[in-house]
Amino acid sequence: MQVQLFNEYAIYFALGFLVIYVLAQLLVSKHPRFQALSAIQKSVTVKVIALSGFILVYVILNLFVE
C-alpha cells in the first residue's frame, strides 16, 4: 500500500521537496545566523534543513491520512 501511495503521488512529493529546498536556501541566505558559515557549510545546512523538513512533512501527512 505504501509503495502505491508513493508512486501515485510521486510528482507531488518531488514538487514538495523542491519547494522545501528553495525555502531552505532562502532561509540560509537571508538569516543573519548563517552568514558566518562558509559556502560548503551553507550547502550542507541547506541540504540537512530541506531533507529533515521533507521527512517531517511526510510523516505528518502520513499520520493525518491514516
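The values are calculated or read from the model by the stated rules, or taken from the named source; none is laboratory data. Small disclaimer: the values here were computed from a predicted structure and weren't measured. All Cβ positions, glycine included, derive from the backbone under ideal geometry; neighbour counts span all protein chains shown. Heavy atoms of the whole protein, side chains included, go into the accessibility calculation; ligands, DNA and RNA do not. Shrake-Rupley method; radii C 1.70, N 1.55, O 1.52, S 1.80 Å.
A few points about this structure:
- Compactness check for the chain: Cα Rg over 2.2 N^0.38 Å is 1.33.
- The 3J(HN,Hα) values that the Karplus relation (6.51, -1.76, 1.60; θ = phi - 60°) gives for the stretch 37-54 are, in residue order, 7, 6, 5, 5, 5, 5, 5, 5, 4, 4, 5, 5, 5, 5, 5, 5, x, 5 Hz. Gly and Pro appear as x.
- Solvent-accessible area of residue 55, all protein chains in place: 90 Å² (probe radius 1.4 Å, heavy atoms, ligands and nucleic acids excluded).
- Compared with the direct C-alpha span, the chain from residue 38 to residue 63 gains 5.3 nm at full extension, assuming 0.36 nm per residue.
- Among 26-34, 14-22, the peptide with the highest mean count of other Cβ atoms within 10 Å heads the list, and the full ranking is 14-22, 26-34.
- Residue 29/residue 8 FRET efficiency (R0 30 Å; Cβ-Cβ; nearest 0.05): 0.30
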